[in-house]
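*Asks:* Just dropping this structure here.
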Amino acid sequence: MQKVSNIKKYLFISVKPEFANKIIAKEKCIELRKIKPHVKAGDYIIIYASSPIKCVVGFGKIKQIIETTPMEMWSNYSEYLGIDELRFSNYYAGRKRAIGIEIETIKSVTPINLISLKKVDANFHPPQVYRYVTNEQVCETITKFLALK
């Protein structure tokens, strides 16, 4: 019998500020990607608003990963994507697969800026697309961040 892991993953993603704000405001509950992350329902998501904001702004829980064609994604989920059809079409131009990270719950957090993150870990760089962090890394970062205050 195979052992099932209950360890939650943390998906750390960079999002343009426009879309990060829409996610926090719950105007967008599906974050679009071209590459499927290795996470599942119940795992966590950390939202980093990219330049010019450069801050962690939200923390949430993943409801599901949607993998479909761009046409089906737009047809079935357009009202949850927080993007207009032209930009959506340009984003997926020439692609056969569209990936959606559906966010079940999201909470805004006191923004943690890039300078503060680098004080905790001098080698920290925001992910270009996404990266995974462990529970230990999250706890260690929060502990060190709070110690700096």
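*Asks:* Within the bounds of the range 100-117, is there any residue that is in a loop (DSSP other than H, G, I, E, B) and either surrounded by 13 or more Cβ atoms within 10 Å (Cβ to Cβ) or at pLDDT below 95 (or both)? If you could, list the steps in order and put the result at the bottom.
*Replies:* Narrowing the range 100-117 to residues in a loop (DSSP other than H, G, I, E, B): none.
Within the range 100-117 (the criterion being in a loop (DSSP other than H, G, I, E, B) and either surrounded by 13 or more Cβ atoms within 10 Å (Cβ to Cβ) or at pLDDT below 95 (or both)), the answer is no, since none of the residues qualifies.
*Asks:* Contact list please: Cβ distance under 6 Å, first residue in the range 119-140 and surrounded by 12 or more Cβ atoms within 10 Å (Cβ to Cβ), second residue at pLDDT below 70 and among the aliphatic types (A, V, I, L, M), pairs at least six apart or on different chains.
*Replies:* Going by the 6 Å Cβ cut-off, the qualifying pairs are Lys119/Leu148.
*Asks:* Which count do you get for residues in the range 118-149 that are at pLDDT 70 or above, in contact with a helix residue (DSSP H, G or I) (Cβ under 8 Å, 6 or more places away or on another chain) and of a type in the set (S, T, N, Q)?
*Replies:* Going through the range 118-149 one residue at a time, the tally reaches 0.
*Asks:* Kindly evaluate Lys96 against the criterion of being assigned to a strand (DSSP E or B) and basic (Lys, Arg).
*Replies:* Details: assigned to a strand (DSSP E or B): no; basic (Lys, Arg): yes.
It is false that Lys96 is assigned to a strand (DSSP E or B) and basic (Lys, Arg).
*Asks:* Cβ-Cβ below 9 Å, separation at least six or inter-chain, first residue in the range 28-55 and in contact (Cβ under 8 Å) with a residue 60 or more places away in the chain and of a type in the set (D, E, K, R), second assigned to a loop (DSSP other than H, G, I, E, B) and surrounded by 13 or more Cβ atoms within 10 Å (Cβ to Cβ): which pairs?
*Replies:* Correct list of pairs: Glu31/Leu81; Glu31/Gly82; Lys34/Tyr92; Lys34/Arg97; Lys36/Arg97; Lys54/Pro126.
*Asks:* Taking interchain pairs and intrachain pairs at least six residues apart, which have beta carbon atoms under 7 angstrom, with the first residue in the range 68-87 and of a type in the set (Gly, Ala, Ser) and the second modelled with pLDDT of 95 or more and assigned to a loop (DSSP other than H, G, I, E, B)?
*Replies:* Hits for this filter: Gly82/Glu27; Gly82/Lys28.
*Asks:* Could you tell me whether the range 65-72 includes any residue that is touching an Asp or Glu at 6+ places or on another chain (Cβ under 7 Å), closer than 16 Å to Ile13 by Cα and at pLDDT 95 or above? Show your work before the answer.
*Replies:* Within the range 65-72, the subset touching an Asp or Glu at 6+ places or on another chain (Cβ under 7 Å) is 66.
Among the residues that remain, those that are also closer than 16 Å to Ile13 by Cα are: none.
The answer is no, given that none of the residues of the range 65-72 is touching an Asp or Glu at 6+ places or on another chain (Cβ under 7 Å), closer than 16 Å to Ile13 by Cα and at pLDDT 95 or above.
*Asks:* While we're looking at this one, here's another question. Within the range 79-99, take every residue that is small (Gly, Ala, Ser) and exposed (fewer than 15 other Cβ atoms within 10 Å of the Cβ) and give me the one that is farthest from Ile46 (Cα to Cα). Steps first, answer last, please.
*Replies:* Going through the range 79-99, the residues small (Gly, Ala, Ser) turn out to be 82, 89, 93-94, 98.
Now restrict to residues that are exposed (fewer than 15 other Cβ atoms within 10 Å of the Cβ): 89, 93-94.
Numbers: Ser89: 26, Ala93: 27, Gly94: 29 Å.
Restricting to residues being small (Gly, Ala, Ser) and exposed (fewer than 15 other Cβ atoms within 10 Å of the Cβ), the top hit is Gly94.
The values are calculated or read from the model by the stated rules, or taken from the named source; none is laboratory data. In this text the structure is predicted, and so the values were computed from the model without any measurement. In this analysis, Cβ positions are derived from the backbone assuming ideal geometry, glycine residues included, and neighbour counts consider all displayed protein chains.
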